[in-house]
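> I have a structure here, written as structure tokens, and I will follow up with some questions on it.
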Amino acid sequence: MISSLCGMFEGVVLLLAEAGSEPTPSNFWMPEGASKQAPFIDLSFYIINWINYFFFGLVTLVLVWFSFRYRQRSKHVEFSEGPVHNTTLEVTWTVIPTLILIGIFFMGFIGYLDLRTPPKDAFKINVTAQQWAWEFEYPNGAKSTSELVIPAGRPVQLVMRSKDVLHSLYIPDFRVKQDVVPGRYTYLWFESDVVTDPDDESDFFWLFCTEYCGDSHWNMNVHVRVFPDEDFEEWTKEQARWLDVIPEQDLYFMAGPKLYKRCVTCHSLDGIDGSGPSWGPRNGLPAIWDRVVKGEGEVSGGSKFIAGKNKLSDYIGDGKLYETPEAYIRESIYNPGALLVAGYGNQMPTFQGQLNDRAIDAVIGMMKNIDQFNADGSFKDQAMIEEAEARIAEAKAAAIESTPAEAPAGAVSE
Ligand code: HEC
Ligand SMILES: [Cu+2]
């Protein structure tokens, strides 16, 4: 009896899931439902919601009606024995809610199994969360930190890990959310047919981190874009090579601002210190490059700190720990704990394995020319950008032709 009842519910639920697999427009309750999973999740929500409305209305009506019907009519109150037992009524109010709950259980259970079981042929994207950014890595070695681009009409599986603390990846329009736990892999999968225009950067879905227990999780917001197969393939190829196709002289202003997006949550350009020291003129010191060249900055700890030597100039120069300012900055990025800027702890994540030599060159170039950048990290000279874009377009066309299927060594994310 129980098992055939369960089977019946399962059938109905699966039927409902099948019926509602079209994307849904946004409404008062929900944002756009842009994944295959969305309609069924919404349906579960609406069903539970409407059951709530119904019983809320029913209870309220009965309450009002009884208050009126059994109101005190005179000062003389007479109590008499009321009914104490009604089998039909009691069976009814037990059986109906039980059936409803079994139904809700199956909707939840089937929905849960579906969300937790990625199809075997899903397209896999590795996700790394760290304070305070996401990194998406594709099978061909392409990496992206500024957006998650997925192929349309194919199941996509995110294989997620964290480098530091708990994070939680959430794409409201896809109705999926999963914690990202340090020391553990977690999965998330979804499939979307709702193509966003590859040529229109304002056409996207939001991806949030919803682990609001630390400084800047709120700021881990990136765009999700859904590309048709061909555009997707082209994008991943381009992404795998984006740094290589930028000519040397354009590197600092074409790659610098993109790479700086990973630093912006801690390092400002306007001189106001945040989680990390500003790269602009701060505390009476010049901007970062001059500060390092002149050795004016103060350090107060780190694995390579020498007691009594508090000035950067004690560490940088001929015969010292770092021969050149570049060497100091490079180590600051790869091994941030080596020397700590005075007033700061060892809180910067390492970018070893994420930024290759060209990327480091771009970042250092940006530091050297910091007055050519706006406070938000964008480059001031639009004309120079346009000229560089033309050069890059040429290099790209050549590179895409020759991109291998597997990862080029040391590919760097945007
Ligand atoms: C989570 C916050 C955080 C992020 C993200 C971060 N940093 Fe840092 N950074 C720090 C802190 C804190 C310090 C000071 C302590 C130290 O020296 O390690 C620092 C110091 C530095 C220094 C030495 C600065 C000086 O004045 O001597 C450099 C260079 C640097 N960071 C570069 C970068 C670059 C490049 C990125 C992005 C690719 C980046 N940081 C991302 C927190 C961060
Ligand atoms: Cu987070």
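The values are calculated or read from the model by the stated rules, or taken from the named source; none is laboratory data. Just so it is clear, the model here is predicted, and its values are computed rather than measured. Note that each Cβ is placed from the backbone with ideal geometry, even for glycine, and that neighbours are counted across all protein chains shown.
Okay, residues lined up against (1) assigned by TED's automatic domain parsing to the domain that holds residue 345; (2) closer than 20 Å to residue 369 by Cβ; (3) touching a Pro at 6+ places or on another chain (Cβ under 8 Å):
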position: 278; (1), (2), (3): yes, yes, no
position: 283; (1), (2), (3): yes, no, no
position: 286; (1), (2), (3): yes, yes, no
position: 292; (1), (2), (3): yes, yes, yes
position: 305; (1), (2), (3): yes, no, no
position: 313; (1), (2), (3): yes, no, no
position: 326; (1), (2), (3): yes, yes, no
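> Could you please let me know if residue 68 is surrounded by 10 or more Cβ atoms within 10 Å (Cβ to Cβ), in a helix (DSSP H, G or I) and modelled with pLDDT of 60 or more?
no
> Now a separate question. I'd like to know if the stretch 138-152 contains one or more residues that are among the hydroxyl-bearing types (Ser, Thr, Tyr), under 26 Å from residue 214 (Cα atoms) and in a loop (DSSP other than H, G, I, E, B).
The answer is yes, given that some residue of the stretch 138-152 is among the hydroxyl-bearing types (Ser, Thr, Tyr), under 26 Å from residue 214 (Cα atoms) and in a loop (DSSP other than H, G, I, E, B).
> Select from the stretch 160-177 the residues that are in contact with a helix residue (DSSP H, G or I) (Cβ under 9 Å, 6 or more places away or on another chain) and either of a type in the set (Val, Ile, Thr) or assigned to a strand (DSSP E or B) (or both) and list them in ascending order.
165, 167, 168, 176
> With respect to residue 256, is the statement that it is small (Gly, Ala, Ser) and either within 16 Å of ligand 2 (Cβ to nearest atom) or not assigned by TED's automatic domain parsing to the domain that holds residue 368 (or both) true?
No.
> Checking residue 249 against (1) crowded, with 17+ Cβ neighbours inside 10 Å; (2) farther than 16 Å from residue 127 by Cα: exactly one of these is not met. Which one?
Just one mismatch for residue 249, condition (1).
> Of everything in the stretch 242-272, what is of a type in the set (Asp, Glu), assigned to a loop (DSSP other than H, G, I, E, B) and within 16 Å of residue 392 (Cα to Cα)? Give them in sequence order.
Selection gives 244 alone.
> Out of 275, 313, 268, 300, which single residue is within 16 Å of ligand 2 (Cβ to nearest atom) and hydroxyl-bearing (Ser, Thr, Tyr)?
It is 275.
> Do we have any residue at all in the stretch 221-228 that's under 24 Å from residue 348 (Cβ atoms) and touching a strand residue (DSSP E or B) at 6+ places or on another chain (Cβ under 9 Å)?
Yes, the conditions are met somewhere in the stretch 221-228.
> When you look at residue 215, is it in contact (Cβ under 8 Å) with a residue 60 or more places away in the chain, within 16 Å of ligand 1 (Cβ to nearest atom) and of a type outside the set (Lys, Arg), yes or no?
Yes: the conditions hold for residue 215.
> Could you tell me whether residue 56 is within 45 Å of the chain's Cα centre (by Cα), within 30 Å of residue 186 (Cα to Cα), outside the structural domain of residue 207 (by TED's automatic domain parsing) and not in a strand (DSSP E or B)?
In short, no.
> Sticking with this one: Quick check on my filter: what residues within the stretch 178-225 are crowded, with 20+ Cβ neighbours inside 10 Å and among the hydroxyl-bearing types (Ser, Thr, Tyr)?
Answer for the stretch 178-225, where residues must be crowded, with 20+ Cβ neighbours inside 10 Å and among the hydroxyl-bearing types (Ser, Thr, Tyr): 192, 196.
> So which residues in the stretch 351-383 are assigned to a helix (DSSP H, G or I) and in contact with a strand residue (DSSP E or B) (Cβ under 8 Å, 6 or more places away or on another chain)?
366, 372, listed by residue number.
> If residue 149 satisfies every condition in (1) surrounded by 21 or more Cβ atoms within 10 Å (Cβ to Cβ); (2) within 16 Å of ligand 2 (Cβ to nearest atom) but one, which is the exception?
Exception for residue 149: condition (2).
> Looking only at the stretch 119-137, which residues are of a type outside the set (Lys, Arg), surrounded by fewer than 20 Cβ atoms within 10 Å (Cβ to Cβ) and assigned to a loop (DSSP other than H, G, I, E, B)?
119, 121, 122
> Count, please, the residues in the stretch 90-122 that happen to be touching a helix residue (DSSP H, G or I) at 6+ places or on another chain (Cβ under 9 Å) and among the hydrophobic types (A, V, I, L, M, F, W, C).
Summing the residues that are touching a helix residue (DSSP H, G or I) at 6+ places or on another chain (Cβ under 9 Å) and among the hydrophobic types (A, V, I, L, M, F, W, C) in the stretch 90-122 gives 10.
> Inspect the stretch 340-359 for any residue being farther than 19 Å from residue 273 by Cβ, surrounded by 14 or more Cβ atoms within 10 Å (Cβ to Cβ) and among the acidic types (Asp, Glu) and give the result as yes or no.
Checking the stretch 340-359: not a single residue is farther than 19 Å from residue 273 by Cβ, surrounded by 14 or more Cβ atoms within 10 Å (Cβ to Cβ) and among the acidic types (Asp, Glu).
> Inside the stretch 156-173, can you point out the residues that are more than 16 Å from ligand 1 (Cβ to nearest atom) and touching a residue at least 40 places away in the same chain (Cβ under 8 Å)?
168, 169, 170, 171, 172, 173
> Kindly indicate which of 298, 326 is touching a strand residue (DSSP E or B) at 6+ places or on another chain (Cβ under 8 Å), within 13 Å of ligand 1 (Cβ to nearest atom) and on the phi < 0 side of the Ramachandran plot.
Exactly one residue qualifies, and that residue is 298.
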